[in-house]
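**Q** My questions all concern the structure below.
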Amino acid sequence: MLDSPVIDSLLIRIFRFRTRGFLRMEEVDGAMPAVPQEGGCQLYVHIPFCETLCSFCSFHRVQYCPERARRYFAALREEIRRYHAAGHRFTDVYFGGGTPTAEPAELLETIGLVRRLFGVREISVETNPKDLRPDLLEQLRLAGVTRLSVGVQSFDDRLLREMERHEKYGGGAEIADRIRGAAGLFPTLNVDLIFNQPHQTLASLERDLEIFQTLGANQVSCYPLMTSPSVLRRMAGAMGTPDRRRLRQFYATILRRLQPEFTPTSAWCFTRRGQGGDEYIVTAENYVGVGSGAFSYLDGSLYATTFSLQGYEKLIASGRTGIVTRHRLGETDRLRYTLLVKMFGLSLDRAWAQRRYGSKFFRRLWGELRTLEVLGAARRDAAGWKLTERGMYWLMLMMSEFFESVNAYRDSMRAHVQAELAAEPSALLAPAAVQRNLAPLG
Ligand SMILES: C[S@@+](CC[C@H](N)C(=O)[O-])C[C@H]1O[C@@H](n2cnc3c(N)ncnc32)[C@H](O)[C@@H]1O
Ligand code: SF4
């Protein structure tokens, strides 16, 4: 009874209702946010450039153009220096995209800067299968990259063709060979897969996981396909429309196929023998996002930077950060956000929550915590709450719901800079009127 689509959709409705205020962003003006008072902070660096723009992709990405990328990286480094000068300190850095390796020399210079300024412990970089070239891999290793994350999505040639990735990044066998060539070079080598693609079968997913296990990579992130109105429109042709009712079966297949050789480090990330780190959001209490289309979370406030590349350059040139919107979460929303992130990371440590927020954490979230227990989503012991497999499935659904609301926000922000994003890269270099995309969420 509990493991039914009816309960799933009821839980998602409640989740939507309870988190409806998370992204009520209001306009702000590039001001530097204050250094967080408590908890560590990670740096997220967004590199939006890609040679191919995949239809299913929900991130802020633009067509790669060398000149535009170089100017962007220069602005990025300026913004990073500005955070340093304002007293921000980071323990780890995550380069995400887009495709951070689109302009390797610029990326390496930026990694060097972050290392010099902050002495970070972990350096995570996203890349695509085509960029797994021996020369670049060696440069990334020497630069101190500790986690390389490769976007594969599937090894199934039919699905790769539908995604229009086959031509650009090679077929499944070629991608697998390239990943084998990168095995052992970094402490963590992660492979991204996407499940619940419209034409994906359970057998195809099983095969993807089977191939993954032969590669020598020690981590896999299995993302449910997350959409937005614009993603659905773009996918409608070749890829089709995903059916949420199939999520449970796909997820059960992932758990069965990967465990016990791989252990979950979040509801959608699995690591061999518990090594390595997950995405930045799980470990970071606070994070600063720099670049165009990046999010920050600092002391209970969410911030987003401009989605206009021109606007971004202009903000940085005028001595500001890229931040154009902010939402200060109310006290209960802040606790709920913490609970979501912690439970997605599989457990909540009672002593930590008490130290961090005091007993109000348990008072205000009594309903949420009790519901998790009663539904068998989490088990409570003296140390705190631990997610069960049933709970992992629901947290995967909830986090994907949260990211879909982030995707809707991205859609609305990108709509304001549609003309700029659609223009030829050369046109973007002209001194056109620069608008920032400041509209608050409707
Ligand atoms: C921002 S991409 C960077 C990787 C690199 N650009 C590539 O595609 O090879 C990071 C990952 O996000 C995931 N992703 C992108 N769009 C998604 C969507 N709509 N739903 C779920 N995951 C998605 C993919 O697994 C992708 O590898
Ligand atoms: S999936 Fe990767 S390559 Fe494709 S558009 Fe998104 S970021 Fe770019």
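The values are calculated or read from the model by the stated rules, or taken from the named source; none is laboratory data. Note that the structure is a prediction, hence the values are computed from the model and not measured. As a convention, Cβ positions derive from the backbone with ideal geometry for all residues, glycine included, and neighbour counts pool all protein chains shown.
**Q** Collect the residues in the stretch 161-203 that are surrounded by fewer than 23 Cβ atoms within 10 Å (Cβ to Cβ), over 18 Å from Met226 (Cα atoms), within 14 Å of ligand 2 (Cβ to nearest atom) and not charged (D, E, K, R), keeping them in residue-number order.
**A** Within the stretch 161-203, His166, Gly170 meet the criteria.
**Q** Also, I was wondering about something else. Being closer than 22 Å to Leu117 by Cβ and either of a type in the set (Gly, Ala, Ser) or within 14 Å of ligand 1 (Cβ to nearest atom) (or both) is the filter here, so list the residues in the stretch 39-85 that pass it.
**A** Gly39, Gly40, Tyr44, Val45, His46, Ile47, Ala69, Ala74, Ala75, Ala85
**Q** Additional query: Out of Phe59, Phe49, report the one residue that is within 16 Å of ligand 2 (Cβ to nearest atom), in contact with a helix residue (DSSP H, G or I) (Cβ under 7 Å, 6 or more places away or on another chain) and closer than 24 Å to Ala408 by Cα.
**A** Matching residue, one of Phe59, Phe49: Phe49.
**Q** Further question on the same structure: Please determine, by comparing only the residues of the stretch 204-244 that are surrounded by fewer than 14 Cβ atoms within 10 Å (Cβ to Cβ) and β-branched (Val, Ile, Thr), which one is nearest to Ile254 (Cα to Cα).
**A** Per the criteria, the residue is Thr214.
**Q** I would also like to ask the following. Would you mention how many residues in the stretch 75-118 are over 24 Å from Thr146 (Cβ atoms) and touching a residue at least 12 places away in the same chain (Cβ under 8 Å)?
**A** 5
**Q** Report yes if Ser228 is of a type in the set (S, T, N, Q), within 20 Å of Thr265 (Cα to Cα) and in the same structural domain as Asp157 (by TED's automatic domain parsing), otherwise no.
**A** Answer is no for this residue.
**Q** Looking only at the stretch 222-233, which residues are polar (S, T, N, Q) and more than 7 Å from ligand 1 (Cβ to nearest atom)?
**A** Passing the criteria: Ser228, Ser230.
**Q** When you go through (1) within 16 Å of ligand 1 (Cβ to nearest atom); (2) surrounded by fewer than 22 Cβ atoms within 10 Å (Cβ to Cβ) one by one for Val152, which number turns out not to apply?
**A** Unmet for Val152, out of (1) within 16 Å of ligand 1 (Cβ to nearest atom); (2) surrounded by fewer than 22 Cβ atoms within 10 Å (Cβ to Cβ): (2).
**Q** Shifting gears a bit: Need pairs with beta-carbon distance below 7 Å; first residue hydrophobic (A, V, I, L, M, F, W, C) and within the stretch 6-28, second assigned to a loop (DSSP other than H, G, I, E, B); sequence gap 6+ or separate chains.
**A** Phe22/Leu329; Leu23/Leu441; Met25/Pro440; Met25/Leu441
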